[in-house]
Every structure is written in C-alpha cells, then in structure tokens.
1. Restricting attention to segment 210-228, and to residues there that are modelled with pLDDT under 95 and within 16 Å of ligand 1 (Cβ to nearest atom), which single residue is farthest from Ser174 (Cα to Cα)?
2. Among the residues of segment 229-247, are any more than 30 Å from Pro56 (Cβ to Cβ) and either over 18 Å from the mean Cα position of the chain (by Cα) or more than 16 Å from ligand 1 (Cβ to nearest atom) (or both)?
3. Among the numbered criteria (1) in contact (Cβ under 8 Å) with a residue 40 or more places away in the chain; (2) more than 30 Å from Ala91 (Cα to Cα); (3) out of contact with any strand residue (DSSP E or B) (no Cβ under 8 Å at 6 or more places or on another chain); (4) not aliphatic (A, V, I, L, M), which one does Asp196 miss?
4. Search segment 237-259 for residues being away from ligand 2 (no atom under 11 Å from the Cβ) and of a type in the set (A, V, I, L, M), and hand back the single one that is farthest from Asp15 (Cα to Cα).
5. Which of the residues spanning segment 50-62 are within 16 Å of ligand 2 (Cβ to nearest atom), of a type outside the set (A, V, I, L, M) and either assigned to a helix (DSSP H, G or I) or within 18 Å of Val94 (Cα to Cα) (or both)?
6. Here are some residues: Gly225, Gly212, Gly262. Which one is touching a Pro at 6+ places or on another chain (Cβ under 6 Å), more than 16 Å from ligand 2 (Cβ to nearest atom) and at positive phi?
7. From the list Leu79, Leu17, Leu32, Leu83, which one is in contact with a Pro (Cβ under 9 Å, 6 or more places away or on another chain), touching a residue at least 12 places away in the same chain (Cβ under 8 Å), at negative phi and buried (at least 20 other Cβ atoms within 10 Å of the Cβ)?
8. Would you check if Val158 is modelled with pLDDT of 95 or more, in contact with a strand residue (DSSP E or B) (Cβ under 9 Å, 6 or more places away or on another chain) and farther than 19 Å from Gln18 by Cβ?
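The values are calculated or read from the model by the stated rules, or taken from the named source; none is laboratory data. Because the structure is a prediction, the values reported are computed rather than measured. Positions of Cβ are backbone-derived with ideal geometry, glycine not excepted, and every protein chain shown enters the neighbour counts.
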Amino acid sequence: GDGDMVEIVEVGPRDGLQNETRAIPVAEKVALIDLLSEVGFRRIEAASFVSPRWVPQMAGSAEVMAGITRKAGVRYTALVPNLKGAEAAVAAAVDELAVFASASEGFSRANINASIDESLARFGPVMARAREAGLQVRGYISCVTDCPYDGPVAPEAVARVAAALFGMGCFEVSLGDTLGRAVPERVDAMLAAILDLAEPGQLAGHFHDTSGRALENVEVALGRGLRVFDASVAGLGGCPYAPGAAGNLSTGKLARFLADRGFAHGLNLELLQRAEAMAVGMREVRG
Ligand code: HMG
Ligand code: MG
C-alpha cells in the first residue's frame, strides 16, 4: 500500500442500526455517534430521512442530528430517497446527502417501491435542493453483483445506474454488495465495467459480510484503485429489505487489514474498540 491513505466511511449508525429489531432510543444513537466522532473518521453516516413506516428504526433521525456533538473535520451524512427526505436532511443540517438506487429491479421495488428509472427521476429534485444548500451528494447502488429477488446482476446494469448518478451530479458512487455474498471475480468484472466511465477516486466499495469474503472484495477493489470503503462499527447491520444479509464489513477488521497491507487509515484503534464495545452492547440488549 506504500502508505497510501484509504478512507473508511463509518456507516454503522445508519446501515447498522436501521436493521436492529429493538427500538433504539435517540440518546443511545447519539452516544454511539459521539464516540465514533473521536475515532478519526472524516465521514459518519449518522441518519436516514426515509419513511418511518418503511424503516421505523430511522424515525428519530432529526433528533439524532440535533443531539450529536459535531466534531470539526467530520462530515455527518444521511440517506434521502426523495425531496421530502432532502428537505428534512437540510433542515437537520446534515453535511452531505446520499441518494440510493438499485442495479436490479426486484430490490428497487422491495426497498423503495419504485422502478430504477422512477427512483432516478426522484433524485432530480434532491440534487437541485442539495445544490441550493451547498451540499455534495453521494450516490449508492445496491445489488452490484447479486439481487435477493432477481439473482445475478450484469455489470452493464450497474454501469447504467452509475452513469445516471454521475450524470445528475453525484460526486461519488458507493457500490453496494447488499447481500454480502459477492465473489471477488464478479466484483472485479463489475468494477471493470464501472471504470470505463468513472475514475477510481469517484468510487467507494460497500461490502456486507454474509459470506465472510468482504475483505477479499476490498482487496480486488484496492487493486482497481479504489481508496474509499464503507464499514460498520462491530459489523453492525444488514438491510431490512435484503432477507438474510449480514452486517457491513466490520470497521475494525477493515482497519487491521489495511494496516497489514501498508495503507494508512487514520483511525485511533483504541477509541474504535470502545465504540465497538458500545455497539455490541446496543445489539445485545435486544428485546
Ligand atoms: P411509498 O410508500 O411508495 O411512498 O414509499 P409515498 O410517497 O406514497 O409515501 C408514503 C408515506 O411515507 C407518506 O406518509 C409520505 O409522506 C411518507 P403518509 O402520508 O402515508 O403518512 N414519506 C416520507 N416520510 C419521511 N421521510 C421521507 C418520506 N417520503 C415519503 N423521505 C419511500 C417510498 C421511498 C418513501 C419508501 O419506500 C422508503 O422510505 N423507503 C426507504 C427504504 C430504506 O430506507 N431502505 C434501507 C436503506 S437502503 C440500504 O440499506 C442499501 C445501502 O446500504 C447500500 C447497500 O448495502 O446496498 C444504502
Ligand atoms: Mg448497506
């Protein structure tokens, strides 16, 4: 890695906690985010302004954003599916927005009750609102190799959605193995297709770890030049609309893997361990 910097985007407070069965009080989420703020992340995905009927766990997102202690140098980001979500996120003073689309129709329908093209059309007003508020927008693509409903996904299908997201002004696209069952060969083929239309610096890898191969997929992506990866403290998470999906790649596991390969990640591992203990505790007190 030659000391190359790799950014780990901490998504546990959103991608992790959105999937917990217990209703987690706002104060617990705030405490976790405040601890994560000390670890050295540049970005923490702290909230999600989606329909509370679809994802009840994210209902307190405005209160979470109001409750956290913002650390200088950390961007607190949030997911938004439509203009209503963007308005709420801007009102909550989120630092960066993320829109999310799927490369497969089955997951798009299950997750956001819309076709891929309908979802992309909803992002137009989100991008306009973000520009007005001076915020950058990340684009997520789910199911970049496999869909729980439609099966294998072609690299061309991912490339089409990536082109649309870059075309509307997303500064970065995060490529999601939603199910966590991607194999490195197919991740590599998918990346090859996306790198025909984007620079590696515009891409992030977002691997869930159901099959325990997330680090192998990170390795392939590092080889393709990617230097931003999403991870979740203590491997929290899953996705409510991807049955059987395990949590995101664990932040600590990723940090150790990167360090072993000579990459810098800028995280304080001692403070990360404290956040991990808190996250594990949040998961264990399940009702
Ligand atoms: P819908 O039911 O088709 O939409 O949901 P609707 O426009 O008919 O609205 C239904 C109700 O939701 C209405 O309320 C709206 O006002 C309200 P009612 O009048 O019935 O009381 N509503 C909202 N409320 C709060 N905030 C909003 C909002 N929008 C509408 N932004 C919708 C469509 C997209 C809203 C819904 O399907 C939804 O919110 N889905 C979110 C699903 C989700 O959050 N999934 C998890 C995140 S994606 C993920 O985890 C993958 C990722 O990690 C990458 C990877 O791993 O692949 C990013
Ligand atoms: Mg995810």
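1. Ser211
2. no
3. Going through (1) in contact (Cβ under 8 Å) with a residue 40 or more places away in the chain; (2) more than 30 Å from Ala91 (Cα to Cα); (3) out of contact with any strand residue (DSSP E or B) (no Cβ under 8 Å at 6 or more places or on another chain); (4) not aliphatic (A, V, I, L, M) one by one, Asp196 breaks only (1).
4. Restricting to residues being away from ligand 2 (no atom under 11 Å from the Cβ) and of a type in the set (A, V, I, L, M), the top hit is Ala259.
5. Gln57
6. Gly225
7. Leu32
8. yes
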